[in-house]
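Take a look at the structure below.
Just so it is clear, none of the values below were taken in a lab; they were calculated from the coordinates. Note that this is a predicted model, so its numbers are computed, not measured. A quick note on method: Cβ atoms are made from the backbone with ideal geometry, for glycine too, and the neighbour counts reach across all protein chains shown.
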Amino acid sequence: MSTIQGSAIQGSAIQGSAIQGKVVVITGAGSGIGRALALGIARRGGILALSDVDERSLADTAALAKAIGTDVHTTRLDVSDRAAVEAHATDVQARFGRVHQLYNNAGIAGGGSTILDADWSIYDRVLAVNLWGVLHGTRAFLPHLVASGDGHVINISSLNGLLAQPELGPYCTSKFAVRGFTETLRVEMRQAGHPVQVTVVHPGGVRTNIANAALADARRRGEQITDEYRERIRFYNDRLLRLSPHQAADRIVRGVEAGHPRILVGADAKIADVIARLLPRSYPGLLGCLFSRLAATP
Ligand SMILES: NC(=O)c1ccc[n+]([C@@H]2O[C@H](COP(=O)([O-])OP(=O)(O)OC[C@H]3O[C@@H](n4cnc5c(N)ncnc54)[C@H](O)[C@@H]3O)[C@@H](O)[C@H]2O)c1
């Protein structure tokens, strides 16, 4: 049995939210930021269409959201499967008759190799989920969001959609691309006068299962787990993933309620944004030194 983490973040209902009665779709809702988003939106009276590739953790999130008192629809969904995402969009529209918000949240970290060493299979997996998953979700739900008259697409990029990081090549590639795709969508929605807001979210380090899931995935695939890689996961969990999923989700939902087109989550994401703007040419050298030094510090 999986333990239901997150009961501590259920909290009480939030009255008078603009999300009250809206139909909100969240991918990757079984864990971390996705689960916390689901619970935050449930507390605001949103109606949830939740999906995840992991059925068991998804059921746990649904149980927590139902306990808050909202209507929850769940679907086992792999966002890299285009036909399945299209069927999901049709299904949600048919069930609720409308769709207002889409959080393209599902994501994976991939392995920890340099671009010189990385196997193509890591690129295939990471881009399939983090990039194609976002494209599939957006394209499939967009007609319904337009038809709702009050739509909102929220795509979860990362601090790594602003700033590169060593040994995260596939992840950075996917998250920079999500930002480009989302900003293009925003221009097009405005140009066409469609009633759809578009938000890109850049979270910094959030204390979720993302690093452990990458390690578990590598184990499942029979990849050799080096001490260096294990140490890297420990370093991420202990030093970089600091904000709680609840805090991250709260900042995201508040930003969405306020109609912000771009949401930076956490001090690290804000610093990354400033560094990328002020030092676009010199930051890669500085980052290389910083990461070597941090990794060497016990
Ligand atoms: N945790 C962080 O520090 C951080 C920072 C920046 C951005 N993000 C992004 O936030 C999003 C959520 O990540 P998280 O940190 O909550 O991680 P997490 O591992 O806790 O949750 C990710 C969820 O996505 C699901 N998932 C994985 N592959 C899927 C697929 N193919 N189809 C559907 N669902 C799938 C997993 O089962 C899991 O429930 C991701 O896009 C991630 O890249 C996370």
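Observations on the model:
- Folded to 0 to 90 degrees: helix 132-148 orientation relative to the chain principal axis, Cα: 20 degrees
- Here K270 is the anchor, and the lysines within straight C-alpha reach of less than 19 Å, apart from those fewer than 8 places off in the same chain, are K175.
- Based on the Stokes-Einstein relation at 37 °C and a viscosity of 0.692 mPa s, and on the Kirkwood radius from alpha carbon pairs, the stretch 15-296 is assigned a translational diffusion coefficient of 172 µm²/s.
- Calculated [222 nm] ellipticity per residue, helices only, for the chain: -16000 deg cm²/dmol; basis is -39500 (n - 2.57) per DSSP H run with n ≥ 4, divided by all residues, nearest 500.
- Between the stretch 93-146 and the stretch 5-77, the alpha-carbon center distance in angstrom: 19 Å
- Near I108, the amide H atoms lying under 5 Å from its own belong to N130; only residues 5 or more places off or on other chains count, and H is placed 1.01 Å from N.
- Computed on the Cα trace of the stretch 44-139, the radius of gyration divided by the Kirkwood hydrodynamic radius gives Rg/Rh = 1.05.
- Here the stretch 15-296 is assigned +1 on the Cβ of each Lys and Arg and -1 on the Cβ of each Asp and Glu. Its dipole about the Cα centre then comes out at about 700 debye.
- Neighbourhood charge, 13 Å Cβ-Cβ cut-off, centred on L264 and excluding it, Lys, Arg +1 and Asp, Glu -1: +4
- The stretch 143-298 - Debye-derived log10 I(q)/I(0), Cα point model, q = 0.10, 0.16, 0.17, 0.18 Å⁻¹: -0.44, -0.99, -1.08, -1.17
- Annotation: the antiparallel percentage among DSSP beta bridges lying fully within the stretch 15-296 is about 0.
- Candidate lysines - alpha carbon under 24 Å from K66, same-chain residues fewer than 8 apart omitted: K22
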